[in-house]
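Only one structure is covered here, and it is reproduced in the block below.
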Amino acid sequence: MTSDMGEMFNVMREARRARRAKFGIPCPRCAEKRPKAQPSILLPNQACKVDGYIDPRPHTTLEQRNECYREAGIDLVEQN
Ligand SMILES: [Zn+2]
């Protein structure tokens, strides 16, 4: 793996973490069905892998995601 690829991988991982921190919510069905387990963290419009609950919020927009990266100081701009 070149250092560029390693760098890109780190940026993608940071971006994913920032998106989850800003937009993620704990799955309410997980909390209800399995209160002792860690609930899944759902992004807007994402389905829970455990129980199939779908977050009702609309998908994040490109602008919301890029603003999230700016706020987190991540050097990434998503393009359509
Ligand atoms: Zn769930």
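Starting from region 17-43, keep only residues that are without any contact (Cβ under 8 Å) to a residue 24 or more places away in the chain, then list their pairs with residues that are of a type in the set (Ser, Thr, Tyr) and within 13 Å of the ligand (Cβ to nearest atom) whose Cβ atoms are within a distance under 8 Å, requiring at least 6 positions of separation or different chains.
26/40; 30/40; 30/53; 42/53
Would you be able to tell me the number of residues in region 1-12 that are assigned to a helix (DSSP H, G or I) and either β-branched (Val, Ile, Thr) or surrounded by 11 or more Cβ atoms within 10 Å (Cβ to Cβ) (or both)? Let's see the steps before the verdict.
In the first step, residues of region 1-12 are kept if they are assigned to a helix (DSSP H, G or I); the result is 3-12.
From what is left, the residues that are either β-branched (Val, Ile, Thr) or surrounded by 11 or more Cβ atoms within 10 Å (Cβ to Cβ) (or both) are 7-12.
Selection size over region 1-12: 6.
Looking only at region 13-28, which residues are surrounded by fewer than 17 Cβ atoms within 10 Å (Cβ to Cβ) and more than 23 Å from residue 77 (Cα to Cα)?
Those that are surrounded by fewer than 17 Cβ atoms within 10 Å (Cβ to Cβ) and more than 23 Å from residue 77 (Cα to Cα): 25, 26, 28.
Could you grab me the full set of residues in region 26-80 that are more than 16 Å from the ligand (Cβ to nearest atom), in a loop (DSSP other than H, G, I, E, B) and under 25 Å from residue 11 (Cβ atoms)? Before the answer, list the steps.
So the first thing to find is which residues in region 26-80 are more than 16 Å from the ligand (Cβ to nearest atom), and the list is 58-80.
Subset that is in a loop (DSSP other than H, G, I, E, B): 58-61, 73-80.
Hits for region 26-80 are 59, 60, 61, 73, 74, 75, 76, 77, 78, 79, 80.
Since every read-out is calculated from the coordinates, none of them should be taken as a lab result. The model shown is predicted, which means the values in this text are computed figures rather than measured ones. In this analysis, Cβ positions are derived from the backbone assuming ideal geometry, glycine residues included, and neighbour counts consider all displayed protein chains.
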